[in-house]
Amino acid sequence: MSSPALVRHPEDNMPATAALPEAVPQPAVTAPATPTSFATLALRWYRLNQGRLRATAIGVISLLAFLLVWHLLTTYRVVFFVRFTNVPSPLAVYASFTKAIHDPHFLMHIVLSCRRIFIGFSLAAIVGVPLGLIMGRFKLVHEVVFPVAEVLRPIPAIAWVPMAIMLWPTNEQSIVFITFLGSFFPILVNTLHGMSLVDPVLVRAAQCLGARERSIFREVYFPASLPHIFTGLTVGMGVAWVSLIAAEMISGQYGIGYFTWEAYSLVQYADIALGMIAIGVLGLGSSLLIRGAGHLVMPWRSTR
């Protein structure tokens, strides 16, 4: 009986066959993507901006309704508690506008008012924002400056006109000073309020990570206070226009406020309304610029 180790199976005598190569998977053939049609893109854009378009449409309808009511009240000279007998119609104001845009004096009034706003508001922002940050961070500075600011803040811009004339040698400097005061206090108070709302947990976390005072100020306090800072800038811009118009009406010789007051003195009612509308449009444009700058500086708030 032979040993199992010596037994050879028939399969051992068969020649080894070469291994067959594995099949290479062929890439799936996909149909070419069809270009997106213009209608699809327009529908997608409409869905993304539906809220803004709705707000814009409502705003336009509101303005048109306001113009219609204004036209009817002035056309029929309605007297109901208030008198519309001398109020100019929208068509009269439009005629005054078409005449004023070709008058270099009217354009000069607008340019001078914008320059005063720019100088006064810029000075207020340069002084008010850092001062508010420092007052919010250091208690001693807050205790020294805050009582003085609270006493001066309620004083209206018109009350500052005589004092400003005595303080500054020219009317131009007096008007810029009044504009500065009008925008300074809203900027200061809102910046201080933003500093008071900074989460102390963030400050302690930065301190635990070894951040120094300058880094904490730059990386924690300032970014957390930015929303309130821009709120103060927006409010300050509106108050700056109010202060500027009051100063120009009382002590100015040029500017859109002086133009409006001069129109009243000369019984040019259409120019009065034109000056008021110009003030409103300039104030709106200034506020929109500040809000646009806020969206650029704080892009995380635009996604909310």
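Could you check region 185-231 and list, in sequence order, the residues that are more than 28 Å from residue 124 (Cα to Cα), open to solvent by 70 Å² or more (accessible area, probe 1.4 Å) and in contact (Cβ under 8 Å) with a residue 12 or more places away in the chain?
Across region 185-231, the qualifying residue is only 202.
Hey, does region 214-222 have a residue that's more than 16 Å from the chain's Cα centre (by Cα), more than 26 Å from residue 293 (Cα to Cα) and modelled with pLDDT under 95?
no
Please enumerate the residues belonging to region 45-61 that are modelled with pLDDT of 90 or more and over 22 Å from the mean Cα position of the chain (by Cα).
61
Scanning for something open to solvent by less than 30 Å² (accessible area, probe 1.4 Å), out of contact with any Asp or Glu (no Cβ under 7 Å at 6 or more places or on another chain), of a type in the set (A, V, I, L, M, F, W, C) and farther than 24 Å from residue 128 by Cβ, does region 261-271 turn up at least one residue?
Within region 261-271, one or more residues are open to solvent by less than 30 Å² (accessible area, probe 1.4 Å), out of contact with any Asp or Glu (no Cβ under 7 Å at 6 or more places or on another chain), of a type in the set (A, V, I, L, M, F, W, C) and farther than 24 Å from residue 128 by Cβ.
Return the pairs, sorted by first residue and then second, in which the second residue is among the hydroxyl-bearing types (Ser, Thr, Tyr), the first residue lies in region 248-261 and is modelled with pLDDT under 90, the beta carbons are less than 6 Å apart, and the residues are 6+ apart or on different chains.
252/258
Being part of a helix (DSSP H, G or I) and charged (D, E, K, R), is that true of even one residue in region 49-66?
yes
Output the number of the condition that residue 165 fails; it satisfies all remaining conditions of (1) over 25 Å from the mean Cα position of the chain (by Cα); (2) surrounded by fewer than 18 Cβ atoms within 10 Å (Cβ to Cβ).
Every listed condition holds for residue 165 apart from (2).
The values are calculated or read from the model by the stated rules, or taken from the named source; none is laboratory data. Nothing here was measured: the structure is a model prediction, and the numbers come from that model. Cβ: placed from backbone, ideal geometry, glycine included. Neighbour counts: every protein chain shown. Ligands, DNA and RNA are excluded from the accessible area calculation, which covers all protein heavy atoms including side chains. Shrake-Rupley method; radii C 1.70, N 1.55, O 1.52, S 1.80 Å.
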